[in-house]
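The values are calculated or read from the model by the stated rules, or taken from the named source; none is laboratory data. Quantities reported herein were computed from a predicted structural model and do not represent experimental measurements. Using ideal geometry, Cβ is built from the backbone for each residue, glycine included, and neighbour counts are taken over all protein chains shown. Note: areas computed on protein heavy atoms with side chains; ligands, DNA, RNA excluded. Shrake-Rupley method; radii C 1.70, N 1.55, O 1.52, S 1.80 Å.
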Amino acid sequence: MTPATWLHFAAATLLAGVPALASAQELNLYTTREPGLVQPLLDAFTAQSGVKVNTIFLKDGLTERVGQEGDKSPADVLMTVDFGKLVELVDLGMTQPVTSDALTAAIPAHLRDPGGNWFALSLRARVLYAAKDLDLTEFHYEQLADPEWQGRVCIRSGQHPYNVALISSYIAHHGEAAAEEWLTGVKGNLARKAGGGDRDVARDIMGGICDIGIANSYYMGQMLSGNGGPEQIEWANAVKMIYPTFENGGTQVNITGAAVAKYAPNPEQAVQLLEYLVSPEAQKIYAEANFEHPLDPQVEVSELIGQFGTLVPDEMPLTEINTHRAAASALAEKVGFDN
Ligand code: FE
């Protein structure tokens, strides 16, 4: 190649690159998750796939926003926590079904919509925090109602979605009548009014107000990491985390999950992102950032969480649990759980 033809070649190559850049692939992610949690994941996805991700962070009002935008919505992927929220998106007609072997292979059937409208990306276990010196290494949710724990239990509002999901699971496992008896027992065992947040369970165990309580698993990681300030490290150090199970099942889990939006302008890239998010590489990055549990038990959890043992998720389908939500909320009301 002479210098002149080389220059010509180089220029042509450069020009050939321009249209590719102009049509650079991208997608729009609407998420209720804090940007700090998802950004490392999205950067890794972009580096690997070349697909740029524009993130719209919506602390609240995801459904309202997508609803207002209607069929002009630029949203491709909708990411949120709580399976109830994902089912709501489906019910509002804001999602589309996805067929992907990679997704069905990576996500157990009970953690995704049978119709392919939403998928779990990581797990949030509803666990027991117990005073560290308590002689207790395993626990069943059913035991929360035992007289042994009278005046010793702390928990947040019975109407909070985390507890509504737990009560719904209880109904799914044992039926409504048994759930009412149980919840009445739990209410009778409360050391203080149901309320506050999950981290307050650890705080109040440290303060001697209660001995055990129910909270989400990732808060233990958040507290121990010091992200919430030095006093929360002390709260966490006062307790141990035990994975309770149903007598006839595993540990109740909720999820961070995602769906492809009904009017997604870039549906292929949207599926590509979901498939990336369930890959072992992404699962590890995400678990490290948010202290949630990866879908695959082979993928390591954050070290701060890993010390408390292994999560064996309950296998009751989330869609089945979801059918009991209204009954669960009504039950919390009926037994005066928050009074
Ligand atoms: Fe939370």
Odd one out for Y276 among (1) in contact with a strand residue (DSSP E or B) (Cβ under 8 Å, 6 or more places away or on another chain); (2) in the same structural domain as G84 (by TED's automatic domain parsing): (1)
Neighbours by Cβ (under 9 Å, 6+ apart or cross-chain): first from the range 266-283, of a type in the set (D, E, K, R); second assigned to a helix (DSSP H, G or I): E275/A102; E275/L103; E275/A106; E281/A44; E281/Q48
Top-ranked residue in the range 295-339 [being touching a Lys or Arg at 6+ places or on another chain (Cβ under 7 Å) and within 22 Å of R112 (Cα to Cα); ranked as surrounded by the most Cβ atoms within 10 Å (Cβ to Cβ)]: V299
Residue satisfying all of: in the range 23-67; modelled with pLDDT under 95 and either within 19 Å of P265 (Cα to Cα) or not assigned by TED's automatic domain parsing to the domain that holds L86 (or both); least open to solvent (accessible area, probe 1.4 Å) among these: A24
Unique residue being in contact with a Ser or Thr (Cβ under 7 Å, 6 or more places away or on another chain) and more than 16 Å from the ligand (Cβ to nearest atom) when the list is V127, V66: V66
Count of residues meeting criterion [within 16 Å of the ligand (Cβ to nearest atom) and at pLDDT 95 or above] in the range 205-245: 17
Hits in the range 67-85 (condition: out of contact with any helix residue (DSSP H, G or I) (no Cβ under 8 Å at 6 or more places or on another chain) and not charged (D, E, K, R)): G67, Q68, G70, P74, V81
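Residues checked against (1) away from the ligand (no atom under 15 Å from the Cβ); (2) more than 15 Å from L41 (Cα to Cα):
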| site | (1), (2) |
| --- | --- |
| V253 | no, yes |
| T256 | no, no |
| V260 | yes, yes |
| L277 | yes, no |
| E292 | no, no |
Identity of the residue in the range 130-185, touching a strand residue (DSSP E or B) at 6+ places or on another chain (Cβ under 7 Å) and in a helix (DSSP H, G or I), that ends up nearest to the ligand (Cβ to nearest atom): Y162
